[in-house]
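Some notes on the structure that comes next.
Quick note: the coordinates plus some simple rules give every number you see, no bench work behind them. This structure is a prediction, so every number in the text was calculated from the model and none was measured. Here the Cβ positions follow ideal geometry from the backbone for every residue, glycine too, while neighbour counts run over all protein chains shown.
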Amino acid sequence: MMKPRTALIVALAAAALIGSAWFLNRDRVKEEEPKKAESEPKLVRDAKDEDAFANAGLFKRLGTGNMDPVEPELLAHLRKRWIFAPSDLPYNLVRPSVESWAQIGQSQLVDKILKQRRNGFYVESGAFDGEDHSNSLFFEKSRDWKGLLIEPDPWTFEALIQKNRKAYVVNTCIAIGKSPERTEFTFASELGGIAKKSAAVPKAEAGSVRGTGRIQCFPILSLLAAVGQTHVDYFSLDVEGAEIEILKSFPWSQVTVDVWTIEYAVHGGGAGTPEREKEIREIFKKTDLYKEGTILGGQDIVFVRKDVPQ
């Protein structure tokens, strides 16, 4: 019988082969003139990026943890190989008519804070399938926002990309440092995360664990620079345990975020939750950019920039 880890490696290899064929058979999108997919999602592409991946040295450097996050070659690589452009296809949702898909009212609260702001930009890290528990879908459908959806699990990403979201989508994770890195990841659907930082999956949910494997992660600065964005109206950070490390390396001087919702009670809370909340608060206090955080639903902590009109 094949061991679970071996089976996972075989499955990931097969997925990679299928994904490679999918990429190669897909038209590209120019960054300057973002024509969207007519039948399938397409990768963001700049005409001058044609040979961005030809240098094998780039692939090596992606795993060294020592690379400029806005290096032109890296941004070209992200546009060419990783980031899919917003879809022009009709939504393909299971529950298209509900008012909000958020788990504990995140989108309603943020909408109130931002006074029904229109045409904004969001980032949702831990986007899952793009619909269930989505904190961003409301803004896309009801407020005409665009955004960036980040989902590292390849199985849930497949479901996400078929929702035809009007957002950039990328199958990766946010690096916990300031440079691209490869890291061990626990694949467990909505409960998965960076292995060395994520909380243990509850025993009751053990069946969701597919295994672990190494994946490529990129700094949030790189991902945003690749799509030409330096301002985020709303950032939803729910990555099952690595939130603190991501915040510690966040480029506060290069990217502005008006409102954050951050999961601090991982897997519903438990040991270490008060300490996580305290550490997150201390990170934001040191920036001197945000008002005191408020708790939402005993799960998320909300931070609003001091200069956001109230």
Checklist entry - Between GLN162 and LYS286, what is the label-to-label distance in nm when each label sits 7 Å out along the Cα-to-Cβ direction? => result 4.3
Checklist entry - If we restrict to alpha carbons, what Rg and Dmax does the range 211-302 come to, in Å? => result 13.8, 40
Checklist outcome for this item: On each of the three principal axes the extent of the alpha-carbon atoms of the range 56-305, given in whole Å and largest first, is 48, 44, 42
